[in-house]
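J.: To start, I am sharing the structure in question, which I have written as structure tokens.
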There are 2 protein chains.
Amino acid sequence: MLTVEEARERILARFSRLNAEDVPLPAAVGRVLAMDAVAGESLPRFTNSAMDGYAVRSEDARGASAEAPRHLRLAGEVPAGRVYEGTVEPGEAVRILTGAPLPDGADAVLQQELTETGAGWVRLLAEAPAGNNLRYPGEDVREGDVLVPAGAEVGPAEIALLASAGIHPVRVTRRPRVAILSTGDELAPLGETPRPGQIRESNGPYLIAAVARAGAEPVPLGIARDRAEELRAKLEQAREADLILTSGGVSVGDYDLVKQILTEQGDITFWRVRMRPGKPVAFGTLSGTPLLGLPGNPVSAAVTFELFGRPAIRTMLGCRQTERPVVEVVLDGQNIARGDRRHFVRARLDSRNGTLVAMPTGDQGSHIISSLRGATALLVILEGEGQVCAGDHVPALLLNDALPWGME
Amino acid sequence: MLTVEEARERILARFSRLNAEDVPLPAAVGRVLAMDAVAGESLPRFTNSAMDGYAVRSEDARGASAEAPRHLRLAGEVPAGRVYEGTVEPGEAVRILTGAPLPDGADAVLQQELTETGAGWVRLLAEAPAGNNLRYPGEDVREGDVLVPAGAEVGPAEIALLASAGIHPVRVTRRPRVAILSTGDELAPLGETPRPGQIRESNGPYLIAAVARAGAEPVPLGIARDRAEELRAKLEQAREADLILTSGGVSVGDYDLVKQILTEQGDITFWRVRMRPGKPVAFGTLSGTPLLGLPGNPVSAAVTFELFGRPAIRTMLGCRQTERPVVEVVLDGQNIARGDRRHFVRARLDSRNGTLVAMPTGDQGSHIISSLRGATALLVILEGEGQVCAGDHVPALLLNDALPWGME
């Protein structure tokens, strides 16, 4: 039996980053940058005012106070988006709004709350030392800085940064096309009533949602019944895919049909991976397209997709981080026995007085779909003897990447 | 000056849950349930096998071992998706596949790894006590259980659960339409070169992405220049919106134009909120549509959207949790002075040996757009004297909800 690491290494060796394409900036949300986005100019681009107030020469404000105001001539104004044409001469002030460029001659801004004004004059009620209320070029970003690195995902903050620097369109990695096929006579498709002995199909809908969340484009192929011609026809539709995900039919001995078709057209390896849930996993290629065969149990399908399918997609996307972040958490709840397979326990994280605690989401059987709901982490219970006890530190995969990732 | 709580309370009082609509299950990802999804049947629906193996009567397997196997007649088979027509009689076994319904008469399954078979017979090499390898109805979900409560967001796990229970279509809350308008002569739109004194517009693209992430439908209105007729025309386009977001023009004294139009057609209140960044916030209604005026500084716009705009959207969606979860974290980095306004410090969280630590993302000026990137939390530095020191516990808003929320 392979370890989880061995299986993942063999799978990921078959994938590499896909081609890039240019998209308009607003369409880049959720996409992954294919190259570093580099600032072509500094941000701010010019020295500007942080306040609504008056641009002055700091020496004109020296010693100013409410008791001893300094009286200056109001020489003009500079609204945001304009440039003051003249120069602020000694004894002069220029009305300035937030974000407007500092006029020549001035070296400080006094906010309007500390002034009094009338027709053609302004009185400074406080000092305005050089640099007061000013923002200088490059304080945010310097020309040549990497704004967002290749392999980073674009979210709202990245959009703000890229828009501020005028990066548009944006070069992102093409979205992998992932074909999703459920197999088995026991499956009733969405919207149909199961016959006796059947169950409602859930892996297809689950994987469609999970594949999209991973950043790929799902290509749903529906359900293939256990008949050679139907399976062959469905797989034919996956020719253009970058990855085929199947679920079901990979446990002992009941896969002959699929195996037969796959060996005709490609190669397929069945593995047993030392993990729980999700022991049986198939991997191979079909007419050159990688195929990952997930188990049929819903929880097993979800966990093996997390451990093998999502990293394959993230590798095709060229993500900086293809795996979920792993952090240390403190187990809250019943003790968990170790076994000869690595156990991935669905858990919900919480913070108690700054400590990160994990509560398993109930019955961990591979048919307990409700255990997926509310899980924000997979606790990693390593192979071995004994048990992990409440209060012990445990590594956990963060299912929505929320904690430590971000700026790299 | 209002506190953050007072401002939020006044804003949220103007919103309530929107109408519901039915969508096909696969389209429900990212939507919010408008009513409890209740299981109409138990899951599993019938007693079934957890393994590929043989359905037997447990008394026939009593005392079986590799040394003393029990020999049974192979009476038939039940693949997944079928029902065995007969009854398993004493001395008989029936081949059964994972997920197939347990045949009448049998009360246990022995996995095939613990058997030997030949034509018409099977030998049990181990005992199979009653209930062995069986999954019973309702182990996952019982009829009448709430699968997913009203107000919960639908993710892949919810999709799996709803599909398994045959909930399709799904009743979700209509997506709020949020009009987004940036104001100011200083803004160069995406794709245009800024004139001297101009900056590139980033709040519009940011808010479009953030509004979509919050679950609403953004309606981009572009940039309104500081001319009455242009502003009036843009706002006219927002008539059908559930919320209008503007950015810019809410600082002291430079808002007369907008104020004039708004007071003509509705009501508008300008507030100063005791917070940093983001002091100036406007709120009112325009021809009956709520309008939230955010500050123009990109960081201020982002933080005030988080604190006031997103909760308004989540209230319209009927979310169980309209606010970001707040957890306690430990400050890592420089001490932060308290002031007379509540300070929201962008920070990145990490877990160190089970402790949740927060590292501020650099310069916290309201023009430092790069401080948004990589932030996974807003540290809440309460008003007051003194400072928060490295190692102190601080409350933090989790920007992507990852930690404690989930199953409720």
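Every number here is computed from the coordinates shown, using simple stated rules; none is lab data. Only a predicted model underlies this, so the values are computations on that prediction, with no experimental measurement involved. Neighbour counts are summed over all protein chains in view; Cβ atoms, including those assigned to glycine, are modelled from backbone coordinates with ideal geometry.
J.: How far is it, in nm, from the label point at residue B:2 to the one at residue A:121 when both lie 7 Å from their Cα along the line to the Cβ?
T.: Distance between label points: 3.9 nm.
J.: Apply the Kirkwood formula to the range A:48-135: the hydrodynamic radius equals the inverse of the mean of 1/r over all pairs of different alpha-carbon atoms; give it in Å with one decimal.
T.: Numbers: mean 1/r = 0.0826 Å⁻¹.
So the Kirkwood estimate lands at 12.1 Å.
J.: With Cβ to Cβ distances under 9 Å as the rule, what net charge do the other residues near residue B:361 carry (K, R +1; D, E -1)?
T.: +2
J.: Quick one: A:363, B:350, A:185, B:140, fewest Cβ neighbours within 10 Å first, how do they rank?
T.: A:363, A:185, B:350, B:140
J.: Here's a follow-up. Which value, in debye to the nearest 20, gives the size of the charge dipole of the range A:269-408 about its Cα centre, when Lys and Arg are +1 and Asp and Glu are -1 at the Cβ?
T.: On the way: 15 positive and 12 negative charges, 80 e Å.
In total the dipole reaches around 380 debye.
J.: In debye, nearest 20: dipole of the protein assembly as shown around its Cα centre with unit charges on the Cβ of K, R (+) and D, E (-)?
T.: 360 debye
J.: List the residues of the range B:341-360 whose backbone N lies under 16 Å from a point placed 7 Å from the Cα of residue A:326 along the Cα-to-Cβ direction.
T.: B:351-354
J.: Whole-Hz ³J(HN,Hα) for each residue in the range A:202-215, computed from phi via Karplus 6.51 cos²θ - 1.76 cosθ + 1.60 with θ = phi - 60°, x for glycine and proline: what do you get?
T.: 10, 5, x, x, 4, 5, 4, 5, 6, 5, 5, 5, 6, x
J.: What list of ³J(HN,Hα) couplings, whole Hz, do you get for the range A:281-292 from phi and the Karplus terms 6.51, -1.76, 1.60, once you set θ to phi - 60° and write x for glycine and proline?
T.: 9, 10, 8, x, 10, 10, 6, x, 8, x, 10, 10
J.: Can you pull the mean other chain C-beta count within 10 Å for peptide A:182-192?
T.: Mean shielding count: 4.
J.: Once phi is turned into ³J(HN,Hα) by the Karplus curve 6.51 cos²θ - 1.76 cosθ + 1.60 with θ = phi - 60°, what whole-Hz value does each residue of the range A:294-300 show in order, with x for glycine and proline?
T.: Going residue by residue, I get 8, x, x, 4, x, 5, 5 Hz, with x marking Gly and Pro.
J.: In a shell of Cβ-Cβ distance under 11 Å around residue A:63, excluding residue A:63 itself, what net charge do Lys and Arg (+1) and Asp and Glu (-1) give?
T.: Once positives and negatives cancel, what remains is -2.
J.: While we're on this one: Counting only helical runs of four or more DSSP H residues, what would the 222 nm mean residue ellipticity of the protein assembly as shown come to if each run contributes -39,500 (n - 2.57) and the total is spread over all its residues?
T.: Working: 16 runs with 134 residues, N = 816.
Rounded to the nearest 500, the figure is -4500 deg cm²/dmol.
J.: While we're looking at this one, here's another question. Of all DSSP beta bridges in the protein assembly as shown, what percent run antiparallel (nearest 5)?
T.: 70 percent
J.: Test of understanding: what is the full-extension gain from residue A:65 to residue A:264, defined as 0.36 nm times their sequence separation minus their Cα-Cα distance?
T.: Contour length minus the Cα-Cα distance gives 62.7 nm.
J.: Considering lysine pairs in the protein assembly as shown that are 8 or more places apart or on different chains, how many have Cα atoms under 24 Å apart?
T.: Here the count comes out as 4.
J.: One decimal, nm, shortest first: give the distances between the label point of residue B:335 and those of the same position in the other copies, each label point 7 Å from Cα along Cα→Cβ.
T.: Result, one decimal in nm: 4.6.
J.: Can you list the copy-to-copy distances for residue A:12, using a point 7 angstrom from Cα toward Cβ, in nanometres, shortest first?
T.: Its label point is 4.2 nm from the equivalent points in the other copies.
J.: With 10 angstrom as the radius, rank B:96, A:313, A:336 by how many other C-beta atoms surround their C-beta, starting from the fewest.
T.: Placing the least packed residue first, the sequence is A:336, A:313, B:96.
J.: What is the order of B:52, B:340, B:36, fewest Cβ neighbours within 10 Å to most?
T.: Arranged by neighbour count, lowest to highest, B:52, B:340, B:36 become B:340, B:36, B:52.
J.: Please give the direction-averaged projected area of the C-alpha convex hull for the protein assembly as shown, in square nanometres with one decimal.
T.: Details: hull surface 147.0 nm².
One quarter of the hull surface, i.e. the mean projection, equals 36.8 nm².
J.: What do you get for GluC sites (Glu not before Pro) in the range A:1-90 restricted to DSSP loop and a cutoff of at most 11 other Cβ within 10 Å of the site's Cβ?
T.: Qualifying residues, ordered by number: A:67, A:85.
J.: Residue A:129 label points, 7 Å along Cα→Cβ, one per copy: pairwise distances from this copy to the rest in nm, shortest first?
T.: 8.0
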